[in-house]
Ligand code: HEC
């Protein structure tokens, strides 16, 4: 595997690239899970109706399905395409590896998605006129297809975090049925059921024509799948246990934001679960539009927190133990430290003419290749601000030993000259981009940087270091 591949560059300015994917991903996951859970809920309602156990079901199904189709076909599909679009811009190499390794798995996932769309459209168009048995079959097909698309995509997503035996064997099925596959599939299935139930509670209050008593009985029925949330702590713990120990380290104190996001996800899920079990299921409380809306928003918060953590604990990798977040291959660090990370970079910088020296242009390219997925030069998570209080010497040392400075960063993957260029770039921008900037090429400085880089080694940092890093800086 080559240490680095160059793709056309997108510069999002003050917006952190990783955040652009994350922000979209949260919406997409939430909508997709709603679509999956919704299909299962509607099957259940149709079955109750055929058993004569819920006479309102048929009418509600048709109302709910309209919303489901609208949300999943329009918003779900648009955010899905947007996800592909942004991730190909931000991390083309990761997507490239995913497509290369799982070509037929993607194709299978896509086929199920097509089946879901066809079944969904048929039900939308003809459902109201069909006999009950055909309605159940069509709804069954719709929810089977949508759950199967989760099944296939889940293997690829969980592989990114826990590639398991694939790292050694490169075997597709070992990668697909990786250690995180089953717990994350179960966990997402439960989330889907819960989101669909809560969305039903909102909708029951919004569609006109039901009396208060009818609404009460529908809430009681549609709330039933929420009982699955009882299994969440157990399945969640299993999922958590399947993660590598150093990934777990992030959320157990290694990274404050990550720990906070996990707490947010767990807290929001616990609140929903408690209200669902004690309020809706045991006390049969009526859930009005405001309460249902609030619960659904909490579910969104839980999804957002959970997705943030899932993406976050993979750091510094996008594919664990294989590809770093900045698209440098794990095994390519040593080579790039000799050859230089910018050696084959064919792309100019934006506004290259505005840089007063070649060295600063080089610094800009080093930043773009190695840091720009997670940092900006003056926006979110800006390296200018993060290094604001550091001396020149501290900048050199802490960047040379990047994986020890903060273990969620990859090791530095360039030559001492490139590192010095990056340090000079940071200083130049910090000084307000003056028209002239002296070149820095003292051989003693470069030799010292080389020594620091070698000292840091090529291994990734470790989460257990994270808590202790605050005071290791010189
Ligand atoms: C995988 C994502 C990622 C990559 C790639 C990355 N960083 Fe970071 N970096 C982070 C995160 C997250 C933080 C923590 C920010 C905070 O503490 O607010 C951080 C912190 C820092 C800090 C502050 C450290 C401290 O102790 O306060 C500096 C300086 C820094 N990064 C520089 C760089 C440079 C230079 C590069 C490229 C050579 C780079 N980073 C690449 C994610 C990354």
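The values are calculated or read from the model by the stated rules, or taken from the named source; none is laboratory data. These numbers were taken from a predicted model, which means no experiment stands behind them. Using ideal geometry, Cβ is built from the backbone for each residue, glycine included, and neighbour counts are taken over all protein chains shown.
Below are the figures for this structure:
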item: Residue within segment 442-449 that is at pLDDT 95 or above and over 24 Å from residue 333 (Cβ atoms) present; result: yes
item: Answer from 91, 87 - the residue that is touching a strand residue (DSSP E or B) at 6+ places or on another chain (Cβ under 7 Å), within 16 Å of the ligand (Cβ to nearest atom) and closer than 30 Å to residue 321 by Cα; result: 91
item: Residues of segment 340-351 satisfying the condition of being surrounded by fewer than 19 Cβ atoms within 10 Å (Cβ to Cβ) and touching a residue at least 12 places away in the same chain (Cβ under 8 Å); result: 344, 345, 346, 347, 350
item: Entirely in segment 311-430, the helices (runs of 4 or more DSSP H) that have 2 or more residues that are touching a helix residue (DSSP H, G or I) at 6+ places or on another chain (Cβ under 7 Å), within 30 Å of residue 265 (Cβ to Cβ) and more than 8 Å from the ligand (Cβ to nearest atom); result: 402-405
item: Matching residues, segment 173-226, being assigned to a loop (DSSP other than H, G, I, E, B) and in contact with a helix residue (DSSP H, G or I) (Cβ under 9 Å, 6 or more places away or on another chain); result: 177, 178, 179, 180, 207, 209, 210, 223
item: Residue 107 touching a helix residue (DSSP H, G or I) at 6+ places or on another chain (Cβ under 6 Å) and either in a helix (DSSP H, G or I) or at pLDDT below 95 (or both); result: no
item: Selection count, segment 8-60, where residues are surrounded by 15 or more Cβ atoms within 10 Å (Cβ to Cβ) and assigned to a loop (DSSP other than H, G, I, E, B); result: 5
item: Residue that is in contact with a helix residue (DSSP H, G or I) (Cβ under 7 Å, 6 or more places away or on another chain), surrounded by 15 or more Cβ atoms within 10 Å (Cβ to Cβ) and in contact (Cβ under 8 Å) with a residue 12 or more places away in the chain, where the choices are 87, 91; result: 87
item: Filter result for the condition that a residue is under 28 Å from residue 32 (Cα atoms) and more than 28 Å from the chain's Cα centre (by Cα), over 313, 301, 287; result: 287
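Results for (1) closer than 13 Å to residue 27 by Cβ; (2) buried (at least 17 other Cβ atoms within 10 Å of the Cβ); (3) modelled with pLDDT under 90, shown as yes or no for each residue.
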site: 62; (1), (2), (3): no, no, no
site: 65; (1), (2), (3): no, yes, no
site: 70; (1), (2), (3): no, no, yes
site: 78; (1), (2), (3): yes, no, no
site: 81; (1), (2), (3): yes, no, no
site: 97; (1), (2), (3): no, yes, no
